[in-house]
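Following: one structure in structure tokens, then a few remarks.
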Amino acid sequence: MQRKHIKQLTEPEIIELAKKDQQYFGELYGNYFKRIFRFVFKRLGGNEEVANDLTQQTFIKAMANIAKYEDRGLPFSSWLFRIAQNEVSMFFRAQKNGYTVEIEDWRMKDLCTEGNLLGYMTQEDQEKLVGLLNEMEQEHLDLIELRFFQEMSFKEISEIYNITEANAKMRVYRILEKLKNKWTASL
């Protein structure tokens, strides 16, 4: 099939062809590589080398599992973001000595404002908050990170987790409530 002809196909048609012939997966790779790379790069705090590795791993897993992909009304990118999210989470878990990601002060302030924590935070307060974040379950930490540090909308989060937008919002606010309770108990 010529390249020109591929450009005339819809994404669902390309996905169906990729399920039968991996050559067509290259079109999906080309369409989504930059978006997935940026997502992983931001999650890693700007580590380009590891971001490249994890992005490649994301696409290798996607290509290996494309036959299992089912269109459930969400964009194909949601499936890729979910794989990328899992790759980043596995990377963080594998880092026995921890992996440091720098968080800008203004993003921490957004988290504090929305979570009804302190209005002004000293360096010590910020370190305490980071400690509380590090004690969270990985999925909770991922949701907080996507919302506040990746600045994703509830709609984008819902697509990654294959849940409703309302459910994504409810999960984030429940996590913030738990964080606020832990914060208050630590004062």
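The values are calculated or read from the model by the stated rules, or taken from the named source; none is laboratory data. Just so you know, these numbers come straight off a predicted model, no measurement behind them. Virtual Cβ from ideal backbone geometry, glycine too; neighbours counted across all protein chains shown.
For region 1-53, how many residues meet the condition of being in a helix (DSSP H, G or I) and without any contact (Cβ under 8 Å) to a residue 24 or more places away in the chain? Counting residues in region 1-53 that are in a helix (DSSP H, G or I) and without any contact (Cβ under 8 Å) to a residue 24 or more places away in the chain gives 25. Of all the residues in region 36-73, those that are surrounded by 13 or more Cβ atoms within 10 Å (Cβ to Cβ) and either within 22 Å of Ile144 (Cα to Cα) or in the same structural domain as Phe148 (by TED's automatic domain parsing) (or both) number 16.
Scanning region 6-21 for residues that are more than 13 Å from Tyr69 (Cβ to Cβ) and exposed (fewer than 15 other Cβ atoms within 10 Å of the Cβ) yields Lys7, Gln8, Thr10, Glu13, Asp21. In region 153-180, the residues that are within 22 Å of Asn86 (Cα to Cα) form Cβ pairs under 6 Å with partners that are crowded, with 19+ Cβ neighbours inside 10 Å and of a type in the set (Phe, Trp, Tyr), at six or more places apart or across chains, as follows: Ile160/Phe81; Glu165/Phe154; Ala168/Phe154; Lys169/Phe154.
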